[in-house]
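Coordinate-derived values only; no laboratory data. Just so it is clear, the model here is predicted, and its values are computed rather than measured. Don't worry about glycine lacking a Cβ; one is built from the backbone with ideal geometry, like all the others, and counts go over all protein chains shown.
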Amino acid sequence: MSVIEVVGLTKCFGTTSAVQDLSFSIEPGAVVGFLGPNGAGKTTTLRMLLGLVEPTAGTATFAGCRYQELSQPLRHVGAVLDGSNAHPGRSARQHLHIQAAVAGVPVVRVDEVLDCVGLTGAADRRTGGFSLGMRQRLGLAAALLAEPEILILDEPANGLDPEGVRWLRELVRRHAADGHTVLVSSHNLAEVAQTVDEVVILNRGQLVTQSRLDDLTAGKGPIVRIRSPRAADLRALLTAEGATVTEVGPDGIEVGGSTAERIAAIAAEHAIPVVESTTETVNLEDVFFALMRASDTAEVA
Amino acid sequence: MPRLVGIELLKLRTTRLTYGLFFAAIGLSILFAAMAAARAGARSIPPLASAAGLAAVSVVVGYALLLALVLGITVSTGEFRLGTATLTYLATPKRTMVLAAKALAAAVAGAVFGFAGGITTTVVGLVFVAAKGDHVALGSATLVGHIAGATFAGALLAAVGVGLGSLVRGQLGAVIGVFLWTVIGESVLDGIYPSIGRYLPFTTATSLAGSKVGGAFYAAGGAISGPAPLPFGAAAALVAVVAVLASVLAAATTLSRDIT
């Protein structure tokens, strides 16, 4: 059974349709990137999943149960939405003590999670003085308190410095390695590419695709860029070999379906001088933007 | 439910605003009780040596009770103002349970406000009586009864505040609204229609503490000759109905709104 199942989910705010007939499912233990540009409906979907926003139509369930029906929701699902959502006048420790009491977990977990997110030193400071990155860490600490099976993170990298982003990536990987499910939203595919193994991509409130990350990039690379005074001759030879060659300017070509080594060997065999050879691996950002463009075009059509 | 109430009380204990409102309640109670005591005996105001004169000082708990009401409002509206409602409802998705727990926790805190207000004004009255060398004209049972009434009124008004705050959600608007209603609105209505004064909710709540109709904020209460307040049971029932009504209305309308 899917651990998260979204079926025909729709949300309208007045006449604005934020999410339209969205369906996807997530299997246990998967680390899934929930992607889309700003305003795509990611946060609204997550809030519907978590029972904070009432869907106009459709359902969003955890193993068949709506969030509101879970007996101990914090033990099943840990969520970070909008940073920590902590009272600015409370210290991080006070905030986590309250959350521990709510979740019904022993107070000893507070120190454990503070240590886990690197906030032990700031535990007794008021959260009102925290940076955005510290608030994100505090939000994660609260979400991890009850050691939930599912972690839902809405744009968790916002406000984190590069070291923080790496830390977050490792935390998500550790959580996943323990067999837990993670759904992490982002507007940047490249940002989550090293963490997730599956993506659900959203644009204008509609599903663009749900796919494994490998499948998303399959058949899209790498490309070798060549500059040569005899580019036309080289192009003919490579085309005869079955490579896909595109002309770029008077002395440049882009070659798909071959490798830099093979191209160098053919050029040497035919005494064709090669001035420049650059291999470009598939760019996830380009893949993402291409998907967005395709979905925009489909909508216009 | 007891666990949820305990959590709401823990939230109150770890919020500076709670202490700010509490000390403001004590300070205003001292100030206005002292002013009432200083004026006792002047012109038509009964002297402190009389039962009416001492009661006019010992029951000036209007501000303590008003701040209990404000505390109740902040308990529910604060969650939306500070964005903490998201976590609260993630932890307890059944929102009516949260509302009930907040009302009960606020009632406990409101009772503390009412009790502190009652004790403070009584002590101020007794200090002035002692300073003038007068005898204490009110029996201890009466004084304790007034303090108990103030405690009960504080609890009920804080619960009313939670319901109103859930209904309105905007903290500033709700607080300004209750200030205008309690300090001006009820006085004006009482002035225009004296027969309804004792049925107005805040006035009724203060009458639980022994205040005369119209005498809750600034005494000279002894000089007020309005209609008699409602009997204790009827007054308590009326304020409790307002608390329940506000909460039920909130549960039926604003409580299910999206948390975006």
- Potential lengthening between residue A:254 and residue A:163 on full extension [0.36 nm per residue; Cα-Cα distance subtracted]: 29.2 nm
- Say the dipole of the stretch A:4-212 comes from +1 at the beta carbon of Lys and Arg and -1 at that of Asp and Glu; which of A:52, A:92, A:142 then lies farthest toward its positive end? A:92
- Query: How many Cβ atoms of partner chains, on average, are near each residue of A:97-106 if near means within 10 Å of its Cβ?
  - Reply: 4
- Query: Between the DSSP loop rule and a limit of at most 16 other Cβ atoms within 10 Å, which GluC sites (Glu not before Pro) in the stretch A:227-301 are left?
  - Reply: A:241
- For the residue A:293, residue B:96 Cβ pair and Förster radius 56 Å, calculated FRET efficiency rounded to 0.05 is 0.75
- Query: When the label point is put 7 Å from the Cα of residue B:130 along its Cα-to-beta-carbon vector, which residues of the stretch B:17-45 have a backbone N closer than 17 Å?
  - Reply: B:30, B:34, B:37-38
- Note on the structure: Restricted to the protein assembly as shown, the DSSP antiparallel beta bridge percent, nearest 5, is 65
- Item | Between the stretch B:93-159 and the stretch A:1-77, the alpha-carbon center distance in angstrom | 47
- Note on the structure: Sparse-neighbourhood loop hits (trypsin sites (Lys or Arg not before Pro), the stretch A:77-139; DSSP loop; Cβ within 10 Å at most 15 others) -> A:125
- Bridge type composition, chain A - antiparallel percent by DSSP, nearest 5: 65
- List, in order, the whole-Hz ³J(HN,Hα) value for each residue of the stretch B:28-39 obtained from phi through the Karplus relation with A = 6.51, B = -1.76, C = 1.60 and θ = phi - 60°; use x for Gly and Pro. 5, 5, 4, 4, 6, 5, 5, 4, 5, 5, 5, 8
- Length gained, residue A:177-residue A:125, 0.36 nm per residue minus C-alpha separation, equals 15.5 nm
- With label points built 7 Å along Cα→Cβ from the Cα atoms of residue B:249 and residue A:197, find their separation and express it in nm. 5.5
- Net lengthening on full extension, residue A:13/residue A:25 (0.36 nm per residue, minus Cα-Cα): 1.9 nm
